[in-house]
Structures are given as C-alpha cells and as structure tokens.
1. Roll a 1.4 angstrom probe over the protein heavy atoms and tell me the percent of accessible area of the chain that is carbon or sulfur.
2. Quote the charge dipole size of the chain about the Cα centre in Debye, to the nearest 20; the model charges only the Cβ of Lys and Arg (+1) and of Asp and Glu (-1).
3. Per residue, how much accessible surface does the chain expose to a 1.4 Å probe? Answer in Å², no decimals.
4. Can you compute the charge dipole magnitude of the stretch 16-56 about its Cα centre, using +1 on each Lys and Arg Cβ and -1 on each Asp and Glu Cβ, nothing else charged? Give it in debye, rounded to the nearest 20.
5. Roughly what % of Cα-Cα distances in the chain sit above 22 Å, to the whole percent?
6. Test of understanding: in a Gaussian network model of the chain with alpha carbons linked when under 10 Å, which of K53, K45, K19 would top the mean-square fluctuation ranking?
7. How many lysine pairs in the chain, separated by 8 or more positions in sequence or lying on different chains, have Cα atoms less than 24 Å apart?
8. For R21, what accessible area in Å² do you get when you roll a 1.4 Å probe over the heavy atoms of the protein chains, rounding to the nearest 10?
Amino acid sequence: MKDQVQARWRNDEIAARLKSRAAEMLDKIKAGTSFTDVAAADSLKIEWRPGVKRGSPPPGIPPTAIAEIF
C-alpha cells in the first residue's frame, strides 16, 4: 500500500511539473517566441502529424494526448 501511495505521489508531482513547464512554454509562444525556438530551448523535437482525428489516434500518439488536443 505504501509503495502505491508513493508511486501515485511521484506521478502527481511529475504531472504537476510537466503542466507547469507546458504553461511556461505556452506563455512564451503567446508572447511571440516562435514554436521552434521554444522547443529548441528544451531540446525538444518537433514532428508533423497530419490527419490527427479525435476518434483514431495515429501511431505514436497516446489517446490521452488526443483528448488534450481536442
């Protein structure tokens, strides 16, 4: 039980940090910094995925990401 609580806490902390970092990145983009520059600052790779649809996620994109997109 204790291990489960610790794992959930760790996952919650990771999610909170990722959400905070994403908000910071979005603020930079809204302020006029290019998407490419914001991604490069964190060594992130930009990929183009045409045809993303709500009901059928393409390979490599988890359904939870699709839910966030839409």
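1. About 58 percent, which is the carbon plus sulfur part of the accessible surface.
2. In debye, rounded to 20, the chain gives about 200.
3. Dividing the accessible area of the chain by its residue count gives 89 Å².
4. Magnitude of the dipole: close to 280 debye.
5. 43
6. With Cα springs under 10 Å in the chain, the top fluctuation among K53, K45, K19 is at K53.
7. 7
8. Answer for R21: close to 70 Å² accessible.
The values are calculated or read from the model by the stated rules, or taken from the named source; none is laboratory data. On a predicted model such as this, the values are computed, not experimentally measured, just so you know. Glycine also receives a Cβ, built like all others from the backbone with ideal geometry; neighbour counts cover every protein chain displayed. SASA here: full protein model, heavy atoms, side chains in, ligands and nucleic acids out. Shrake-Rupley method; radii C 1.70, N 1.55, O 1.52, S 1.80 Å.
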